[in-house]
Every structure is written in structure tokens, then in C-alpha cells.
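A.B. asks: What follows is a structure written as C-alpha cells; I'll ask about it next.
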Amino acid sequence: MRNNKCIAHRGWSGQAPENTLAAIRMAANHPEIDMIEVDVQMSRDGVPVIIHDYILDRTTNGSGKVGDFTLEELKKLDAGFWFNPAYTGETIPTLEEVLIEARGKAKLNLEIKRAGDWYPAIENKVVELVQRYDMESDIVITSFNHETMRTFTQIAPAIKTGLLIYGYPVLLEELLAYTGASALSMGYDYLTENLVRSSFERGLDIIAWTVDEPQDMKRIASLDERIAICTNHPDRWLLAREA
Ligand code: G3P
Ligand code: CA
């Protein structure tokens, strides 16, 4: 169990405001955090930015849809105060800022948030940035939008993709073939012994999210030490694995 890798969900979001450079830096600087998960959307003027919700209201002092604002407008918003006044001044990071922060320190799981036909060509913009910073081998792309995942596989086969699923996967062969994914990124409560075994047998990686309670961390880790534990609380994982 000690060997399961840890992924910091939205950065070290239990300790710092999610998807900000503060949370990402905290995770990137910890030697035992292997990967950082962040959510990627796009500004009105086509710049990939890091934020979870499609609207600004919960995690910034702005209001309205992320994609209705230019990068300059988004950068004026505060993305830290809501979490703790000590983080006032944190902003919505660009993907480029996050790549620079993580490069050489931690791998990144980029979850592409793309409802409907929003954010046209976000796939090309993300790939262009990842290639510019020579980070293809440090990235896994996931998305609930499986059409978007297929696009990534087609335009950048060197970048790994993971099938993002909340639920028990059916027609898994077809989904893997369609998207080209080589990993399974699953809501942890749907992971079963059989699914774990058969997935590793077919050479898939497994990410389990979002595992925040120590007893769940231990249970998932005990299924197989190759399962990566994605959590808002890496500190709890570091303690739980010793117990
Ligand atoms: O990447 C897994 C997980 O982050 C998906 O759910 O809503 O936290 O982005 P959500
Ligand atoms: Ca996510």
C-alpha cells in the first residue's frame, strides 16, 4: 500500500485554494506527490485557463461564465479570498503558468472541461502549449467529453489520455478503442476487484478519484498498489499509508 502514487486533486486543494498557483506549487514542491490534477477551460480570447466550475461565482469574486471573459478580465479576479483571506491575490492561472510551475517537479493530469461545443479548438491550444514546454511525457489528458479525448489522441498520439468515468463502465472496449485512452480515471466508489484486475491485465493505468477519507484511501490502495490515489488531502494519504 505504501507504493500507491498520490495525485493532488486541483492542486493541494485541502490546504490552498483549488486550481491556483498556490495549491499547485504546494503539491509540486512535495517530493512524494507524483502528479497534480487541474481543470482546463478557455477564456473568451482563446487562452487555456485553470478553473473547475463553468461559472466564476464559487471560487472567485467574479460572476458569470468563464468563457464569456477575456484573459485580461479573468486575471483581475481574486481566486483565493473565498478559501482563506490569507490567499487574497491568487488569480485564475493560465495553463502556461501551470506548466512552468510543474515542469521538472510533478506530472500533470489535465482534465479538459468542455461541455457541448464550448471552447472550440481547446485541444489544439493545449497540445501546442504542452509541446512548446516539451512536456508530452509528463501529461495525462482526461475528459468526461470523450469526443474531445478522441481529438487529443488523433492530434497528439504521444500524449497519454485517460478515460474519465463516473459510474461503472460498460462497453469499455468500445470506449477505449474510440478514445484511444490508455488509462482509466474513475470515481473510486465504482472500482471493483474484477475491474481493477482486468484493467491492469489489458495494460491500462488506473486513477481513483476523489479519495479523501483515510479508510477509503486504504481500501482502494489495498486493491492494487498500481492504483494512483487522487485526493484533495495528500497529507491524509501520507499519514494513512504509514498506519
Ligand atoms: O479528474 C477527476 C475529477 O477531478 C473529476 O471530477 O468534478 O472534481 O473535476 P471533478
Ligand atoms: Ca477535475
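The values are calculated or read from the model by the stated rules, or taken from the named source; none is laboratory data. Since the model is a prediction, treat every value here as computed from it, not as a measurement. Reconstructed Cβ throughout: ideal geometry from the backbone, glycine too, with neighbour counts over all protein chains shown.
A.B. asks: Please state which one of 243, 221 is away from ligand 1 (no atom under 14 Å from the Cβ) and modelled with pLDDT under 95.
C.D. replies: Every option except 243 fails the conditions.
A.B. asks: Of all residues in region 24-81, count the ones that are more than 22 Å from residue 231 (Cα to Cα) and within 16 Å of ligand 2 (Cβ to nearest atom).
C.D. replies: The qualifying residues number 4.
A.B. asks: Turning to a different aspect of this structure: Within region 99-120, can you find the residues that are within 24 Å of residue 146 (Cα to Cα) and either part of a helix (DSSP H, G or I) or touching a His at 6+ places or on another chain (Cβ under 6 Å) (or both)?
C.D. replies: 99
A.B. asks: Tell me, which residue of region 1-31 that is assigned to a loop (DSSP other than H, G, I, E, B) and closer than 20 Å to residue 219 by Cα is nearest to ligand 1 (Cβ to nearest atom)?
C.D. replies: This residue is 5.
A.B. asks: Could you please give the count of residues in region 29-47 that are surrounded by fewer than 23 Cβ atoms within 10 Å (Cβ to Cβ), touching a residue at least 40 places away in the same chain (Cβ under 8 Å) and in contact with a helix residue (DSSP H, G or I) (Cβ under 8 Å, 6 or more places away or on another chain)?
C.D. replies: Number satisfying all stated conditions: 4.
A.B. asks: Pairs only if they're at least six apart or on different chains, beta carbon under 6 angstrom, first in region 131-159 and within 17 Å of residue 207 (Cβ to Cβ), second part of a helix (DSSP H, G or I); list them, first residue then second.
C.D. replies: Qualifying pairs under 6 Å: 139/130; 141/152; 143/149; 146/179; 149/179; 152/123; 159/136.
A.B. asks: Looking at region 134-149 only, could you name the residues that are surrounded by fewer than 18 Cβ atoms within 10 Å (Cβ to Cβ) and either in contact with a Phe, Trp or Tyr (Cβ under 6 Å, 6 or more places away or on another chain) or among the charged types (D, E, K, R) (or both)?
C.D. replies: Those that are surrounded by fewer than 18 Cβ atoms within 10 Å (Cβ to Cβ) and either in contact with a Phe, Trp or Tyr (Cβ under 6 Å, 6 or more places away or on another chain) or among the charged types (D, E, K, R) (or both): 134, 136, 147.
A.B. asks: Which count do you get for residues in region 191-212 that are within 16 Å of ligand 2 (Cβ to nearest atom) and among the aromatic types (Phe, Trp, Tyr)?
C.D. replies: Selection size over region 191-212: 1.
A.B. asks: Could you run through region 194-207 and say how many residues are more than 10 Å from residue 224 (Cβ to Cβ), among the hydrophobic types (A, V, I, L, M, F, W, C) and part of a strand (DSSP E or B)?
C.D. replies: Counting residues in region 194-207 that are more than 10 Å from residue 224 (Cβ to Cβ), among the hydrophobic types (A, V, I, L, M, F, W, C) and part of a strand (DSSP E or B) gives 1.
A.B. asks: Same structure, new question: Taking region 32-45, which residues are among the aliphatic types (A, V, I, L, M) and either in a loop (DSSP other than H, G, I, E, B) or over 15 Å from residue 235 (Cβ atoms) (or both)?
C.D. replies: 33, 35, 38, 40, 42
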